[in-house]
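Chemist: Attaching a single structure in C-alpha cells format; questions to follow.
The values are calculated or read from the model by the stated rules, or taken from the named source; none is laboratory data. It should be emphasised that the depicted structure is a prediction, and the values quoted were computed from it without experimental measurement. Backbone-built Cβ (ideal geometry, glycine too); neighbour counts: all protein chains shown.
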Amino acid sequence: MEQERSLRQWYTELSELAPDADAVAKRRRGYDFEKVLKGLLESEGLEPRSSYKSPGEQIDGSLYLDGGFLLLEAKWHADPIPASTLYQFKGKVDGKLVGTLGVFISMSGYSADAVDALIAGKSLNLILFTKEDMDAAIIQEIGFKQILKEKLRKAAEEGLAFYPIVTELVKASASEPVHIERAHYDRVTGKVLRNDTQPATPTDLIIVCESDTDREVLANIVQRLLSGSKSTKKIEIISALGKISVPRIANSLLMANPEVRVLTVVDSDNDVAGSQLLLSNNIEPTNWAPIIIDPQIEEWLGLSEEEMRRLRRASRLNRSLQAVEQLDLDQLRKTDPVFDAFCREVLSA
C-alpha cells in the first residue's frame, strides 16, 4: 500500500511539471515516468522488463499478461504523437513472434490522423493509452491491468486501437447547478471503474466525437444548453480520437446499451455524403443520430482553421472554450440547422 501511495504521489509530481520547464527537466520526467510505470506494472504482477536493445532497434520494454507478452513503448513529449511514430513501433511489433501485441503510451496524446491511420491498415496489433488512461490507472487507482484488458477486449471485438476509458459527464438537476465531471466506466458491465465498484446511474444521451478538444467544447455547449432548460439530465461525451473510430465506438456502446440514445458528432471535412456513409455503414443499431458539421466544429465557434492551426494544442483548447462562452446559442440555432439539430437532441434526451 505504501508503494502504491508513493507511485501515485510521484506520478502526480511529474504531471505538475510546468509546460515551459527546460529540456533537462523534461528529460528527467521521462526517465522518472519509466520508473513509475515499471513500479506500477510490478505491483500488478505484469512482470515488466525495462528498456532493452535487439538488433537494429530499441524497445522500451515488455510486460506479461495472461500467458502472453506485450511490447511496450511510452512517450512523454510536448506535442501529440504522429502516425509515423506509431507505424515505427508497429514495425517493431510486426517483426516479433506471430500474435505479439504492442502497447503504446503517449502522455501528450496523438495527432488528429494518427489513430485513424493505424486502424485503416490491414492488421491491428497496437493498443493505445493516453495520459487520461494513466491518470485513471494511477490516480483513480483503477489499475493498469483492468484498463488494458478492457482495451484488448474492444480491439478484438470492434477493431479499435484506442478505446476511451474517460468520459465527460454533464449533469443537470433541480437541486444543483449544471456541472461537468470526469468519470471512468467499464462499458461491458455498465459499472464505474473504481476499486469500490458501484452501478453507474442511467445516462440520457451519449455523444461520441472525434477528439479531446471536441469533447471539451461539446461538454461546455451542453452545459450552457442545460443551464437554460431547468431540466434533469445526464449526458455523457466521449472522444474517439479519430473520425473512423467514431462509428465503431458508437456501435459498441449501442450493442452494450441499446436503450441509450447515441449522437455521433463529426466534421464533414468538406464531404457530408461521405461522412454520412462512414457512420451509417458502420453502425448497426438504430437508436442513434448523426451530427455532421460542415466543414468542422470551428464553424460553430466562429473560428478559422488558419487561426487554430497557428496555436499550440493547449492554446487551441483555451481559445475554443472562450469562443463557447461568447457564443450566441439562440442566434446560431436560427442560422445553422445542424447546430439546431444538435440542440434538439440534447434538450429532448
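Chemist: Which ranges mark the strands (runs of 3 or more DSSP E) fully within segment 132-236 that have 2 or more residues being at pLDDT 90 or above and not assigned by TED's automatic domain parsing to the domain that holds S43?
Modeler: Working: elements: 166-172, 179-186, 205-209.
Counting at least 2 such residues, we get 205-209.
Chemist: Select, from E259, E236, E325, E284, the only residue that is farther than 24 Å from P82 by Cα, crowded, with 20+ Cβ neighbours inside 10 Å and not aliphatic (A, V, I, L, M). So that I can check it myself, show each step before the final result.
Modeler: Working: E259 fails: crowded, with 20+ Cβ neighbours inside 10 Å; E325 fails: crowded, with 20+ Cβ neighbours inside 10 Å; E284 fails: crowded, with 20+ Cβ neighbours inside 10 Å.
The unique qualifying residue is E236.
Chemist: Still on this structure: Could you say whether any residue in segment 17-36 is at pLDDT 90 or above, over 25 Å from the mean Cα position of the chain (by Cα), basic (K, R) and within 17 Å of K145 (Cα to Cα)?
Modeler: Looking through segment 17-36, none of the residues is at pLDDT 90 or above, over 25 Å from the mean Cα position of the chain (by Cα), basic (K, R) and within 17 Å of K145 (Cα to Cα).
Chemist: Being surrounded by fewer than 21 Cβ atoms within 10 Å (Cβ to Cβ) and touching a Phe, Trp or Tyr at 6+ places or on another chain (Cβ under 7 Å) is the requirement here; does P80 meet it?
Modeler: Numbers: surrounded by fewer than 21 Cβ atoms within 10 Å (Cβ to Cβ): yes; touching a Phe, Trp or Tyr at 6+ places or on another chain (Cβ under 7 Å): yes.
Judged against the criteria, P80 is a match.
Chemist: Return the residues of segment 291-320 that are of a type in the set (A, V, I, L, M) and not in a loop (DSSP other than H, G, I, E, B); say none if nothing qualifies. Outline the logic, then answer.
Modeler: Initial filter on segment 291-320 (of a type in the set (A, V, I, L, M)): 291-293, 297, 301, 303, 308, 311, 314, 317.
I291, I292, I293, L301, M308, A314, L317, listed by residue number.
Chemist: Within segment 269-283, is there a residue that is in the same structural domain as V170 (by TED's automatic domain parsing) and over 16 Å from I244 (Cα atoms)? Talk me through it step by step, then tell me what you get.
Modeler: Start the filter on segment 269-283 by keeping residues that are in the same structural domain as V170 (by TED's automatic domain parsing), which leaves 269-283.
Cutting the leftovers down to over 16 Å from I244 (Cα atoms) gives us none.
Checked segment 269-283: no residue is in the same structural domain as V170 (by TED's automatic domain parsing) and over 16 Å from I244 (Cα atoms).
Chemist: I need the full set of residues from segment 263-281 which are over 15 Å from S211 (Cα atoms) and either surrounded by 18 or more Cβ atoms within 10 Å (Cβ to Cβ) or touching a Leu at 6+ places or on another chain (Cβ under 6 Å) (or both), in order please.
Modeler: Here is the first cut: in segment 263-281, the residues over 15 Å from S211 (Cα atoms) are 270-281.
Passing the criteria: S275, L278, L279.
Chemist: Still on this structure: Exactly one of (1) within 25 Å of the chain's Cα centre (by Cα); (2) modelled with pLDDT of 90 or more; (3) not polar (S, T, N, Q) is unmet by G45. Its number?
Modeler: The number of the failed condition is (1).
Chemist: Kindly provide the set of residues from segment 261-290 that are under 19 Å from the mean Cα position of the chain (by Cα) and in a strand (DSSP E or B), ordered by number.
Modeler: As a first pass, look at segment 261-290 and keep what is under 19 Å from the mean Cα position of the chain (by Cα): 262-267, 279.
Selection gives V262, L263, T264, V265, V266, D267.
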